[in-house]
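The values are calculated or read from the model by the stated rules, or taken from the named source; none is laboratory data. From a predicted model like this one, the values you see are computed outputs, not experimental measurements. Cβ atoms come from the backbone with ideal geometry, glycine included; neighbour counts cover every protein chain shown. Just the protein is used for accessible areas: all its heavy atoms, side chains included, with ligands, DNA and RNA removed. Shrake-Rupley method; radii C 1.70, N 1.55, O 1.52, S 1.80 Å.
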Amino acid sequence: MSYNFKFDVLLRYVPEILQGVFLTLQFSVITMLCGLAIGLIVAMASISPLMPLRACARIYVEALRNTPLLVQLFIVFFGLPSIGIRLGANTAALIALSINMGAYGAEILRAGFESVRQSQIEAGRSLGLTAGQTFRHVVLFQAVKTIYPALASQFVLIMLTTSVVSSIGATELFHQAAFIDSRTYRSFETYTLITISYLVLTLAFRAFFAGVYWVVFVRRPRR
Amino acid sequence: MIREFADADIVYLIEAARWTLLLALTATVGGGLLGIVVAVLRVIPFRPLNWLAIAWINLIQGTPLLGQLFVFFFGLPLVGLSVDAWTAAALSLSIYASAFFGEIWRGSLQSVSQRQWEAGAALGLTYAQRLGHVVLPQAIRISIAPTVGFLVQLVKNTSLTALIGFVELTRASQIISGATFAPLPVYLTAAVIYFIICFSLSQLAHMLERRLHVAR
């Protein structure tokens, strides 16, 4: 059996692919920011002295981390309209992604808070720094340095995960694959090309984050 | 025909969950065998093979699983393999799992201190004896908790095979949802079934982690 691979017919669709890349990055950045905002609230609840708050945070994290994103997406997009909440595909996708990311973000941030030792805070205070100064100059830098690698790899993970939202018709890079496929009937070539595009994005962002880490944390930060 | 979401549908979903478990189990076995190869290629003292393993891991971990599924689903027929959704799903999930298992097991192997190797050599053990009696037992103990932890990811990721038409729990929910027009209860039921499977696995991973750490 012989099959002629034709990647050249896809060249015409480079603008569509680039547009898809842009949309995927847009989804990833918004998801990351909203997810971290939710995660911060949940992380603070999870270390609060109030038992009910801690319990809620734990239920949130466990429920979201132990069910597939695809099912969460279907609940938001197909399920919520039956109780009167109608969302567009892109909005539903962003909500599901952010809620999902919130659970992972909460765990990363909590680990960050807990990583800074109490003695560091005491040292800052005994040098005469105020609580605010101690937080800014002592705690924050160390905490961010600790969680930075986790956040960087989480961003790449989100970028790859956003491909799932194409299943409800949200417009991003993987959605473009379905579009190009429907125009060219070159399914294998199309999906290979799109998959490789993600690889390029992943490698580029890993290099970028490693560079930022080096500049900010490895090279001596100026006082 | 539109009908109510009934008890029989819940039974249908639970039965579909067996396919989710079977797929995860297949990927665990297939990915496990391939993962051993990846881990070995990653640690043997021969650079080109190390690079090959690193390239493999980066290729799999740097692309979306959904993309891998579609490439296999459309690609395998081109090389003359008859392909149904099950084959494509089992194959791509095994390959996906191999990259993660390979990395987990490489980490476990390398976390066994170099001194353990030296101690074995000082006792006059051969390389195979050192590996089999000294290093592997410790590495396996370290690797069990993260391996079970990854199984949670694997079970959740089987849901993506619904998108190439393999009927497991998520695809079954889509079908029931289409027949009953009751998406909310259907997908919530599916979520509960996934939760029961995944939560048990993650609790098991936590338990193993605690137990194996204390014993060390």
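Within segment A:139-149, can one find any residue that is of a type in the set (Lys, Arg), in contact (Cβ under 8 Å) with a residue 24 or more places away in the chain, in contact with a Phe, Trp or Tyr (Cβ under 9 Å, 6 or more places away or on another chain) and open to solvent by 20 Å² or more (accessible area, probe 1.4 Å)?
Within segment A:139-149 (the criterion being of a type in the set (Lys, Arg), in contact (Cβ under 8 Å) with a residue 24 or more places away in the chain, in contact with a Phe, Trp or Tyr (Cβ under 9 Å, 6 or more places away or on another chain) and open to solvent by 20 Å² or more (accessible area, probe 1.4 Å)), the answer is yes, since at least one residue qualifies.
Would you mind listing the helices (runs of 4 or more DSSP H) fully within segment B:41-119 where at least 2 residues are charged (D, E, K, R) and closer than 30 Å to B:ALA205 by Cα?
Because the criterion is at least 2 residues that are charged (D, E, K, R) and closer than 30 Å to B:ALA205 by Cα, the helices (runs of 4 or more DSSP H) in segment B:41-119 that meet it are B:85-111.
Listed here are the residues, each with its yes/no results for (1) modelled with pLDDT of 95 or more; (2) under 30 Å from B:ALA17 (Cβ atoms); (3) surrounded by 20 or more Cβ atoms within 10 Å (Cβ to Cβ).
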| position | (1), (2), (3) |
| --- | --- |
| B:GLY102 | yes, yes, yes |
| B:VAL112 | no, no, no |
| B:THR126 | no, no, no |
| B:GLY149 | no, yes, no |
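Kindly evaluate A:VAL61 against the criterion of being over 19 Å from B:ALA190 (Cβ atoms), open to solvent by less than 20 Å² (accessible area, probe 1.4 Å) and within 14 Å of chain B (Cβ to nearest Cβ).
Spelling it out, A:VAL61 is indeed over 19 Å from B:ALA190 (Cβ atoms), open to solvent by less than 20 Å² (accessible area, probe 1.4 Å) and within 14 Å of chain B (Cβ to nearest Cβ).
Of (1) at the interface with another protein chain (Cβ under 8 Å from one of its Cβ atoms); (2) open to solvent by 20 Å² or more (accessible area, probe 1.4 Å), A:LEU109 satisfies all except one. Which?
(1)
Kindly state which helices (runs of 4 or more DSSP H) lie completely within segment A:109-200 and contain at least 1 residues that are more than 22 Å from B:LEU66 (Cβ to Cβ).
It comes to A:118-126, A:141-161.
Could you pull out the residue among B:ARG141, B:ARG171 that is in a helix (DSSP H, G or I), more than 26 Å from A:ILE59 (Cβ to Cβ) and within 14 Å of chain A (Cβ to nearest Cβ)?
B:ARG171
From the list B:THR180, B:THR161, which residue is open to solvent by less than 20 Å² (accessible area, probe 1.4 Å), more than 8 Å from chain A (Cβ to nearest Cβ) and modelled with pLDDT under 95?
Only one candidate qualifies: B:THR180.
Would you point out which residue out of B:TRP117, B:TRP86, B:TRP105 is of a type in the set (Phe, Trp, Tyr) and either over 21 Å from the mean Cα position of the chain (by Cα) or under 25 Å from A:ALA204 (Cα atoms) (or both)?
Answer to the check: B:TRP117.
For segment B:3-18, give me each residue that is open to solvent by 90 Å² or more (accessible area, probe 1.4 Å) and touching a helix residue (DSSP H, G or I) at 6+ places or on another chain (Cβ under 7 Å).
Scanning segment B:3-18 gives B:ARG3, B:GLU4, B:ILE14.
Take the residues in segment B:186-208 that are open to solvent by 30 Å² or more (accessible area, probe 1.4 Å) and within 22 Å of B:ARG141 (Cα to Cα); name whichever of them is farthest from the other protein chains (Cβ to nearest Cβ).
So, considering only residues that are open to solvent by 30 Å² or more (accessible area, probe 1.4 Å) and within 22 Å of B:ARG141 (Cα to Cα), the one farthest from the other protein chains (Cβ to nearest Cβ) is B:LEU208.
With A:VAL42, A:VAL71 as the choices, which residue is touching a Phe, Trp or Tyr at 6+ places or on another chain (Cβ under 7 Å), away from chain B (no Cβ under 14 Å), crowded, with 21+ Cβ neighbours inside 10 Å and assigned to a helix (DSSP H, G or I)?
A:VAL42
Looking for whichever is closer than 29 Å to A:PHE205 by Cα, more than 14 Å from every other protein chain (Cβ to nearest Cβ) and modelled with pLDDT of 95 or more here; the options are A:ALA103, A:ALA37. Which one fits?
On inspection, the qualifying residue turns out to be A:ALA37.
How many residues does segment B:171-214 contain that are farther than 25 Å from B:LEU25 by Cβ, aliphatic (A, V, I, L, M) and without any contact (Cβ under 8 Å) to a residue 40 or more places away in the chain?
3
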